[in-house]
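J.: Starting off with a structure, shown below.
The values are calculated or read from the model by the stated rules, or taken from the named source; none is laboratory data. Quantities reported herein were computed from a predicted structural model and do not represent experimental measurements. No Cβ is skipped: glycine too gets one built from the backbone with ideal geometry, and neighbour counts run over all protein chains shown.
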Amino acid sequence: MAKPFDFPDVIPVFPLPGALLLPRARLPLHIFEPRYLAMLEDALKVPDRMIGMIQPVRGRESKHGPALHRIGCAGRVTQFSETEDGRYLITLTGVSRFRVMDEIEGFTPYRRVRASWDGFDRDRGAEEGDSSFNRDALMALLHRYFSARSLNTDWESLREADDELLVNSLSMLLDFDIEDKQALLEAPCLTTRRETLMGLLEYALRGGDGKEVMQ
């Protein structure tokens, strides 16, 4: 049976704490470590140009290094440029989440996994909507969150962004804990991700202990 879109069985993975990639979203990366330079060079040699972003599990080790969460998101290298000192600035565009079946033994300096793409058909379809989205409620939360942290943003762009772009961009950009980022990644649909995002914002505004922080 053919894999969906003939996605590769084995992909290189980049275990970068806190770096979240979601389907149809874009993640800029700065590549400079020799093992990840090798990973990028190898990825650019094959048609799919696929790299899997995945979160390490805090405090757990495997024989390959830090243990990995079971679900990550693969992206296609859609932009790259090389600096004069041999570093790369790249953009990954999210294609699909994947499930780690096992880690591949081999001779590459970077890590590779056997990936299953089953169960993530939604990622490869059209942009998602959120019929129960109360944008005013989310914007009110964001105003409080940004004010509490003395952060600035382009509020007009946030108000005009499509549902998926807004929720996924905030999920990727806001400074949440690794496990919280993983929960956002694993949300089965946009509505669940938006609900998770709003819950995390509310939790942060309570200082994580149930008490309202100063505004």
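J.: Take the residues of segment 121-144 that are in a loop (DSSP other than H, G, I, E, B) and out of contact with any helix residue (DSSP H, G or I) (no Cβ under 7 Å at 6 or more places or on another chain): which is farthest from ARG76 (Cα to Cα)?
T.: Taking the candidates together, the pick is ASN134.
J.: Something else: Please specify each residue of segment 44-67 satisfying the condition of being crowded, with 21+ Cβ neighbours inside 10 Å and either under 10 Å from the mean Cα position of the chain (by Cα) or under 15 Å from GLU82 (Cβ atoms) (or both).
T.: GLY52, MET53, ILE54, GLN55
J.: Are any residues in segment 91-118 part of a strand (DSSP E or B), among the charged types (D, E, K, R) and surrounded by fewer than 21 Cβ atoms within 10 Å (Cβ to Cβ), and if so, which ones?
T.: Hits for segment 91-118 are ARG99, ASP102, GLU103, ARG112, ARG114.
J.: Same structure, new question: Taking ALA126, is it touching a Leu at 6+ places or on another chain (Cβ under 9 Å), among the small types (Gly, Ala, Ser) and without any contact (Cβ under 8 Å) to a residue 60 or more places away in the chain?
T.: So ALA126 fails the test.
J.: Now for a different question. Can you name the condition, by its number, that TYR145 falls short on among (1) surrounded by 14 or more Cβ atoms within 10 Å (Cβ to Cβ); (2) among the hydroxyl-bearing types (Ser, Thr, Tyr); (3) outside the structural domain of GLU164 (by TED's automatic domain parsing)?
T.: Among (1) surrounded by 14 or more Cβ atoms within 10 Å (Cβ to Cβ); (2) among the hydroxyl-bearing types (Ser, Thr, Tyr); (3) outside the structural domain of GLU164 (by TED's automatic domain parsing), the lone unmet condition for TYR145 is (3).
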